[in-house]
Amino acid sequence: MNSRSYKIITFGCQMNEHDSEVISGMLTQRGYTEAAGEDMRNTDIVIINTCSIRENADKRFFGTLGQLKKIKLANPNFTVCVCGCMMQQEHITKKLRQSYPWVDVIFGTHNIHEFPDMLEEMFQRRSTGEDWTVNQIRSSREFRVDRVYRDSDRIVEGLPAKRLFGHKSFVNIMYGCNNFCTYCIVPYTRGREKSRRPEDIIAEVKALAADGVKEVTLLGQNVNSYRGVSADSGNEWDFADLIYALNEVEGLERIRFMTSHPKDLSDKLIAAFAECDKLCNYIHLPVQAGSSSVLRRMNRKYTREQYLELVRKLREAVPGIAISTDIIVGFPGETEEDFCETLSLAEEIQYDSAFTFLYSPRRGTPAADYENQIPEDVKHERFNRLVEVMNRGSKARNAAFVGRVCRVLVDGPDKKSSGILNGRTEEFKLVDFEGPEELIGSMVDVEITASNTFSLQGRIVSEQE
Ligand code: 5AD
Ligand code: SF4
């Protein structure tokens, strides 16, 4: 029996969170145990799952590695593994090879299923003394990063996942991205789009529901371009077909998904919102910018007007639908007029919530080489103005919930106040309310009594399983 403990540090998006759940599931299956507590010195193996989407992700990664090196120096058996999107970038693995010889296992996003074997091969080499010494540190490195994406590459099915929650789960429906937005590194790190077979997804969701999962979040960089080929009929399913099928899964109460690209959001999917009772009234629909000229240079393939029309259609077909978005501030060449168009779009739409980002040049992407990069102080000034508008919108949208009774899936105890629970409405609104911990994982009806910018407060009016 394996007695080693591990800890995973995850940076980045839900995709990465889910990859970490899979890594955790595979290690648990091999007998490793998840370390308790925050102190990394008490753990045998640390795995850092990296993200490359923005600059501060790189900085945090190398900062964390610096801390781990100290532990490694004091304890040569301490094991450091790194994976995730950053490993798909050649300049990063080159830097790791040259300057971080003490990192034990390096694996890419296409090699996750190989990780437990790599780890064991590394331990084997370490135990037989076949390792080598670099800068006074013993190294038995295992390195596997596939960077060639072939259409024929199979999606590895059936990997276990150790879920963060008993009552809700992520489910990958596709991998990769074909869109090549000019600022984005993802198509280079995650490769081309590949959709899972509908039968595999449905079987996974059924198994999750049978295991008590009430809510699934379907994951993909652009779920609207899902094209899964049925193993039974050979027919191609689109994303709406998949939603209709999952809506029939017994025991499942809620379906969410992330992320949607506006250019591929079909009328069929909008109809599914209206027709499928399990599909939550919430959509994350990244706009990125409010100016059509910036959108064109971002290669987003829609205009401001087309996006506004999409929102109009969604709100008409699904009254009360909550909409959140991503916006990048300070894209190269963004003028004050362009930025004001982003502000006015945000004012007009009144998003329920938004993720706002400072543009960060990513090596290898077209926009990193564009002229007219925006000075940092201008980016920050615009960012602050945007956040203010966004927060006003969220506050107004949240205020409209006061007095309503909402069904809430209870996620857990509040981290700060004891006796307080929190959960989410179907619109993905965070709600705090008093209640016993036995309610975690169940659906309760909560009357909303107060609101602020980022959350709602309420009181339970009924409990139901
Ligand atoms: N700079 C800033 N934000 C970015 N995003 C993606 N690439 C960059 C970048 N280079 C943002 C986009 C995307 C979200 C996941 O991250 O808004 O929707
Ligand atoms: Fe990046 Fe654009 Fe693909 Fe989203 S759709 S992952 S922003 S390239």
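The values are calculated or read from the model by the stated rules, or taken from the named source; none is laboratory data. Since the structure is predicted, the reported quantities are computational estimates derived from the model, not experimental observations. Heads up, the Cβs are rebuilt from the backbone with ideal geometry, glycines too, and the neighbour counts pull from every protein chain shown. These area figures cover heavy atoms from the full protein model, side chains too; ligands, DNA and RNA do not enter into them. Shrake-Rupley method; radii C 1.70, N 1.55, O 1.52, S 1.80 Å.
Can you send over the carbon and sulfur percentage of the accessible area for the chain, probe radius 1.4 Å, protein chains only?
Roughly 48 percent, rounded to a whole number.
Any idea how far apart Thr128 and Asn178 come out in nm if each label point goes 7 Å out from Cα toward Cβ?
Spacing of the two 7 Å Cα→Cβ label points: 4.5 nm.
Between Phe165 and Arg227, 0.36 nm times their residue separation minus their Cα-Cα distance comes to what?
Numbers: separation 62, 0.36 × 62 = 22.32 nm, distance 2.85 nm.
Gain on stretching Phe165 to Arg227: 19.5 nm.
Looking at the chain, do any whole DSSP H helices span at least 27 angstrom along their long axis by alpha carbon and average -1.0 or above on Kyte-Doolittle, and which?
Values: long enough: 55-74 (30 Å, -0.53); 376-399 (34 Å, -1.25).
Qualifying helices, which must be both long enough and hydrophobic enough, are 55-74.
Of Trp237, Trp102, which has the most accessible area with a 1.4 Å probe, and how do the rest follow in descending order? Could you put the intermediate results ahead of the total?
Numbers: Trp237 60, Trp102 5 Å².
Largest accessible area first, the residues go Trp237, Trp102.
State, to one decimal in nm, how far the label point of Ser5 lies from the label point of Glu337, with both points 7 Å from Cα in the Cβ direction.
6.1
What accessible area per residue comes out for the chain, rounded to a whole number of Å², with a 1.4 Å probe?
Numbers: 20700 Å² over 465 residues.
Dividing the accessible area of the chain by its residue count gives 45 Å².
How far, in nm, would the chain grow between Glu157 and Ala271 when pulled straight, counting 0.36 nm per residue and subtracting the alpha carbon separation? Can you show the working numbers first?
Numbers: separation 114, 0.36 × 114 = 41.04 nm, distance 3.05 nm.
Length gained, Glu157 through Ala271: 38.0 nm.
For a quick check of understanding: with a 1.4 angstrom probe and all protein chains in place, what accessible area in square angstrom does His110 have, to the nearest ten?
Surface accessible to solvent at His110 totals approximately 50 Å².
Could you give the length gained by full extension between Arg407 and Ser462, i.e. 0.36 nm per residue of separation minus their alpha carbon distance, to one decimal place?
Working it through step by step, the gained length comes to 18.9 nm.
Based on Cα positions only, what radius of gyration and what Dmax would you give for the chain, in angstroms?
When restricted to the Cα atoms of the chain, Rg and Dmax are 23.1, 68 Å.
Residues in the stretch 218-238, backbone N under 13 Å from the label point at Thr28 (7 Å along the Cα-to-beta-carbon vector): list them, ranges by number please.
none
Under 20 Å from a label point 7 Å along Cα→Cβ of Ala400: give me every residue in the stretch 255-283 with its amide N that close.
Residues 270-271, 273-275, 279-283 fall inside that zone.
By a straight-distance test (C-alpha under 19 Å), which lysines pair with Lys429 as possible cross-link partners, with residues fewer than eight away in the same chain excluded?
Lys168, Lys214, Lys278, Lys395, Lys415, Lys416
Put a dot 7 Å past each Cα toward the Cβ at Asn235 and Asn372; how far apart are the dots in nm?
About 4.9 nm, to one decimal.
Once you have a ≥ b ≥ c as the square roots of the Cα gyration tensor eigenvalues for the stretch 326-388, tell me rounded if a/c is under 1.5, and otherwise prolate or oblate according to whether a/b is larger than b/c. Walk me through the numbers before you get to the answer.
On the way: a/c = 2.06, a/b = 1.73, b/c = 1.19.
The shape class here is prolate.
At a 4.7 angstrom Cβ threshold, list every cysteine in the chain that has nobody to pair with, or say none.
Cys13, Cys51, Cys81, Cys83, Cys85, Cys177, Cys276, Cys280, Cys340, Cys406, each lacking another Cys Cβ under 4.7 Å.
If you filter the stretch 345-432 for trypsin sites (Lys or Arg not before Pro), then keep DSSP loop positions with at most 10 other Cβ within 10 Å, what is left?
Here the trypsin sites (Lys or Arg not before Pro) that fit, given the DSSP loop and packing criteria, are Lys415, Lys416.
Round to the nearest 0.05 the FRET efficiency obtained for Leu430 and Asn299 when R0 = 30 Å and r is the Cβ-Cβ distance. Please report the intermediate quantities before stating the final value.
Values: r = 34 Å, r/R0 = 1.12.
Using R0 = 30 Å, I get an efficiency of 0.35.
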